[in-house]
Amino acid sequence: MYMAENPTNAEKIGQKTAKLDERDKMIVNLLNRNSRLTLKEISREVGLSIDGVKGRIDKMKETGVIEKFTIIPNPKFFGFPLVSHVYIRLQNITDEALKEFERYLRNHSRVIVLMSMVGDYDMYFVILAKDTIDLNSMKNEIRMKFRGLIADWKEVVVAKILKYEEYKF
């Protein structure tokens, strides 16, 4: 079952670590492949009672081991065949400017992923676009609105997804 370990370097940068037993890992892996599995199906696979599986899932949700149950829709079927991955390096950073930029991107209906990063770039986000004109328009809007904050913009458009990795523990 879930038990917090001693603090690690990962925790020092804001991540929680957890010690999960093999059954917890099996449950996570099963749900990762298909989050619509029933408790009965999971209990059969891991060799626990339905109540035992439910308790473990509830505990993992409560502690943040499992953040969310979701699907991955294909954007092209919703009119957005272009998926652009954007890496931003920031400059002239103030608390207020950074919060405004984050708020803008969080509320942007076409930004589907937003991450703060450590490394060569400060921010990463994913934009959905109808076509190249739409993508260029959004790109220009963001870059002009935050021109004093954005030092570098690197953009990569996905041509084809070759593998979408499931986390396996």
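Here, each number is a calculation from the coordinates, and none is a lab measurement. Treat the numbers as computed from the prediction; the structure is a model and nothing was measured. Virtual Cβ from ideal backbone geometry, glycine too; neighbours counted across all protein chains shown.
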Filter Lys59/Lys154; Lys61/Lys139; Lys61/Lys145; Lys25/Lys163; Lys19/Lys139 down to the pairs with a C-alpha to C-alpha distance above 30 Å, please.
Lys59/Lys154; Lys61/Lys139; Lys61/Lys145; Lys19/Lys139
Mind listing the phi-derived Karplus ³J(HN,Hα) values for the stretch 116-130, rounded to whole Hz, using 6.51, -1.76 and 1.60 with θ = phi - 60°, and x for any glycine or proline?
8, 10, 10, x, 5, 10, 9, 9, 9, 8, 10, 10, 9, 9, 6
Between Lys25 and Trp153, what is the label-to-label distance in nm when each label sits 7 Å out along the Cα-to-Cβ direction?
4.4
If amide hydrogens are placed 1.01 Å from N in the peptide plane, which non-local residues have theirs closer than 5 Å to the one on Leu37?
none
Measuring from label point to label point, each 7 Å out along Cα→Cβ, what is the Lys160 to Lys139 span in nm?
2.3
Compute the length gained on full extension between Phe169 and Arg106: take 0.36 nm times their separation in residues and subtract their Cα-Cα distance, giving the result in nm to one decimal.
19.7 nm
Between rounded, prolate and oblate, where does the stretch 68-119 land on the alpha carbon gyration tensor, with a ≥ b ≥ c its root eigenvalues, rounded for a/c under 1.5, else prolate if a/b exceeds b/c?
prolate
Starting from 0 in steps of 5 Å, tell me what percent of the Cα-Cα pairs of the chain lands in each bin.
1, 7, 13, 15, 13, 13, 13, 12, 7, 4, 2, 0
Percent antiparallel among DSSP beta bridges with both residues in the chain, to the nearest 5?
100
